[in-house]
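Colleague: One structure follows; several queries about it will come next.
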Amino acid sequence: MPVPWFLLSLALGRSPVVLSLERLVGPQDATHCSPGLSCHLWDSDILCLPGDIVPAPGPVLAPTHLQTELVLRCQKETDCDLCLRVAVHLAVHGHWEEPEDEEKFGGAADSGVEEPRNASLQAQVVLSFQAYPTARCVLLEVQVPAALVQFGQSVGSVVYDCFEAALGSEVRIWSYTQPRYEKELNHTQQLPDCRGLEVRNSIPSCWALPWLNVSADGDNVHLVLNVSEEQHFGLSLYWNQVQGPPKPRWHKNLTGPQIITLNHTDLVPCLCIQVWPLEPDSVRTNICPFREDPRAHRNLWQAARLRLLTLQSWLLDAPCWLPAEAALCWRAPGGDPCQPLVPPLSWENVTVDKVLEFPLLKGHPNLCVQVNSSEKLQLQECLWADSLGPLKDDVLLLETRGPQDNRSLCALEPSGCTSLPSKASTRAARLGEYLLQDLQSGQCLQLWDDDLGALWACPTDKYIHKRWALVWLACLLFAAALSLILLLKKDHAKAAARGRAALLLYSADDSGFERLVGALASALCQLPLRVAVDLWSRRELSAQGPVAWFHAQRRQTLQEGGVVVLLFSPGAVALCSEWLQDGVSGPGAHGPHDAFRASLSCVLPDFLQGRAPGSYVGACFDRLLHPDAVPALFRTVPVFTLPSQLPDFLGALQQPRAPRSGRLQERAEQVSRALQPALDSYFHPPGTPAPGRGVGPGAGDGT
């Protein structure tokens, strides 16, 4: 079983746990008062209209204190309802006016003054009750004899019996006089539910009430309802609101014993639980067990949000009522704390979901709102940043106005407000002359203004630029000189960073040769080379066509100073011979992805017109083709055998002006090791003769 978490007294808040309640017989309300006073209860309720506070015309009776007591109103011994008795303590406030105002006193019926200095006092005292969804106001007439009238002294109390309210509900009570001479008194009373009453056997609605217990298990909270399996009941979770109806969160009709788990992140102080049997006229018991839970208060502030409605209006969104106050602050770039603008502005009390207004003329991204509770910062948001952009490097000037049109200016800084002009070493002091000039010329933005002062936001970007202009000029000259020094090394650095582009062209004699080409291309990619080969671009090749794809790749490679590698094989030599003899390539058994066949129409003009040297390189594999078998036209560029001439081949693939690297032999061995498994697989396939050997003119003899 979970360990009990809250004692019953905590679950019931501050409501008294009554062991024995006085019983009132009969349904009628009544009133009685202290000895010496006379009182009367109006027969019907009145409208709850407090009205405005008016000046007292002389001594008047005023409520000073409210006192409550729980009683039972019973029709018979076992048929009672919970009722709230209220005692209003009264005192004499005000003073006698001068004799010339006596006629005024005599004619003011509401003041209750019959004769100055020797008269009884009368008052109409209003009691206003609110316990959602019930609200009512009653009127008590009280008269105090002249002998008891002592200024500033209590004269006794008047007691009202009584206000019926639901078990477990929260009753809010106000008291004031008509007319209203002072601020009304208020009191909040949390009524117990059936569990907090030993007389629950006298209240029929408590007889079938489910038994609810709140417990904890680690971070989770359990609602344990110990009822019989046949018992049907309703359970509701809601946010209790100080003003207005509760906000429902969850509701379900259940049967039998239940354990309902709540996540600790769902807890807030106003989260309440309502439970009732699913029977006619059953009582709904309410408990709010998380009012004092520290986790619930942390969750409440984490859920709270500030929302900007217009330039001047905003509100605080939160699940529950919060005791908070808010003020504007100024946040400068650089991570310094936001500085409250108090004074000249002041802290304002905040009511959840109630629109509040700032006394601002203009918005600014550096203006933020701080919300404090119990003198601790809980929320801070820069509401104007979303619409006006990021923080600006502006200086906030505070103008203070005195008598005879005297005024002083200071600039708000992390260290305080620096008077202007000033000889201090702060940033605002150094810019003070410029800031004052901008203020006089109207270049500063006025944010707030009243009779006592004003706030101005002055930009500083142009002064910072001017101050650092020479520094920037020196930096630019140094950068230009450095650029000239590095200009000659630019191509080398670019090649080292990106690698030279290499387009690899071959004839797809068979699948084994394609695997050998793929191994060579992969090995070259480990070097500072960017290799393009049709094996890796089959989708683009199919979409564009071999001729278009090769033409685009060749143009890009040559424009970037790259190299086109012609990888000769017996099939490639045969295709070249056909082109040189007939000028066109005859149909053959080559597939649709053979870029070599398509490339000959672009490659041959480069060789015939002498543009190939420096941009083309030839290569063939040892034991597959001898270099002399390559047509003479293509031997106008270097033709290397692989892997025997790998160092020279890799040297030809480097940038034309790149120095010969001392690591060239090491890289050649690296490529050779990567290429060797593919060569062995091609020339010595297990169990079958090597494909492609002895095909075409000049084929090697396999030795």
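The values are calculated or read from the model by the stated rules, or taken from the named source; none is laboratory data. Please read all numbers here as calculations on a predicted model, not as lab measurements. We place every Cβ from the backbone using ideal geometry, glycine too, and count neighbours over all the protein chains shown. Accessible surface areas use protein heavy atoms only, side chains included; no ligands, DNA or RNA. Shrake-Rupley method; radii C 1.70, N 1.55, O 1.52, S 1.80 Å.
Colleague: Could you list, in sequence order, all residues of segment 49-85 that are surrounded by 14 or more Cβ atoms within 10 Å (Cβ to Cβ), under 21 Å from Tyr181 (Cα atoms) and hydrophobic (A, V, I, L, M, F, W, C)?
Modeller: Within segment 49-85, Ala56, Val60, Leu61, Ala62, Leu66 meet the criteria.
Colleague: Read through the list (1) more than 14 Å from Leu90 (Cβ to Cβ); (2) in contact with a Phe, Trp or Tyr (Cβ under 8 Å, 6 or more places away or on another chain), then give the number of the only condition that Val60 fails.
Modeller: So the condition that Val60 fails would be (1).
Colleague: What tally of residues in segment 399-421 results from selecting those that are open to solvent by less than 50 Å² (accessible area, probe 1.4 Å) and either part of a strand (DSSP E or B) or within 18 Å of Gln339 (Cβ to Cβ) (or both)?
Modeller: 9
Colleague: Collect the residues in segment 254-264 that are surrounded by 13 or more Cβ atoms within 10 Å (Cβ to Cβ) and within 35 Å of the chain's Cα centre (by Cα), keeping them in residue-number order.
Modeller: Passing the criteria: Ile259, Ile260, Leu262, His264.
Colleague: For segment 422-453, name all the residues that are closer than 27 Å to Ser346 by Cβ, touching a Ser or Thr at 6+ places or on another chain (Cβ under 9 Å) and open to solvent by less than 20 Å² (accessible area, probe 1.4 Å).
Modeller: Matches in segment 422-453: Ala428, Leu435, Gly453.
Colleague: Right, here's the next one. Quick check on Arg554: is it modelled with pLDDT of 85 or more, touching a Leu at 6+ places or on another chain (Cβ under 7 Å) and of a type in the set (Lys, Arg)?
Modeller: Criteria met by Arg554.
Colleague: Continuing with this model, one more query. How many residues are assigned to a loop (DSSP other than H, G, I, E, B), touching a Pro at 6+ places or on another chain (Cβ under 8 Å) and buried (at least 19 other Cβ atoms within 10 Å of the Cβ) if we restrict to segment 615-636?
Modeller: Residues meeting the conditions: 1.
Colleague: If you don't mind, there's one more thing I want to ask. How many residues are open to solvent by 70 Å² or more (accessible area, probe 1.4 Å) and at pLDDT 85 or above when one looks only at segment 292-322?
Modeller: 9
Colleague: Given segment 339-385, what strands (runs of 3 or more DSSP E) lie entirely inside it while holding 2 or more residues that are among the charged types (D, E, K, R) and on the phi < 0 side of the Ramachandran plot?
Modeller: Ranges flagged: 376-381.
Colleague: Have a look at Ala385, Ala457 and point out the one that is small (Gly, Ala, Ser) and in contact with a His (Cβ under 8 Å, 6 or more places away or on another chain).
Modeller: Being small (Gly, Ala, Ser) and in contact with a His (Cβ under 8 Å, 6 or more places away or on another chain) holds for just one of Ala385, Ala457, which is Ala457.
Colleague: Take Ala612 and decide whether it is assigned to a loop (DSSP other than H, G, I, E, B), surrounded by 20 or more Cβ atoms within 10 Å (Cβ to Cβ) and either out of contact with any Cys (no Cβ under 7 Å at 6 or more places or on another chain) or among the charged types (D, E, K, R) (or both).
Modeller: Criteria met by Ala612.
Colleague: Can you go through Val342, Val355 and tell me which one is surrounded by fewer than 19 Cβ atoms within 10 Å (Cβ to Cβ) and modelled with pLDDT under 85?
Modeller: Of the residues listed, the single one that is surrounded by fewer than 19 Cβ atoms within 10 Å (Cβ to Cβ) and modelled with pLDDT under 85 is Val342.
Colleague: Ser34 passes all but one of (1) in contact with a strand residue (DSSP E or B) (Cβ under 6 Å, 6 or more places away or on another chain); (2) modelled with pLDDT of 80 or more; (3) buried (at least 20 other Cβ atoms within 10 Å of the Cβ); which number fails?
Modeller: Just one mismatch for Ser34, condition (3).
Colleague: In segment 249-294, how many are part of a helix (DSSP H, G or I) and without any contact (Cβ under 8 Å) to a residue 12 or more places away in the chain?
Modeller: Adding up the residues that qualify gives 1.
Colleague: Which numbered condition in (1) open to solvent by 20 Å² or more (accessible area, probe 1.4 Å); (2) modelled with pLDDT of 75 or more is the only one that Asp701 fails?
Modeller: (2)
Colleague: Now, a different point. State the number of residues belonging to segment 323-338 that are open to solvent by 40 Å² or more (accessible area, probe 1.4 Å), in a loop (DSSP other than H, G, I, E, B) and touching a residue at least 12 places away in the same chain (Cβ under 8 Å).
Modeller: Residues meeting the conditions: 5.
Colleague: Could you check how many residues of segment 358-381 are closer than 29 Å to Pro294 by Cβ and surrounded by 13 or more Cβ atoms within 10 Å (Cβ to Cβ)?
Modeller: Adding up the residues that qualify gives 11.
Colleague: Something else: Under 8 Å between Cβ atoms, which residue pairs at least 6 apart in sequence (or on different chains) link something in segment 295-319 that is hydroxyl-bearing (Ser, Thr, Tyr) with a partner that is at pLDDT below 90?
Modeller: Ser313/Val355; Ser313/Leu356; Ser313/Glu357; Ser313/Phe358
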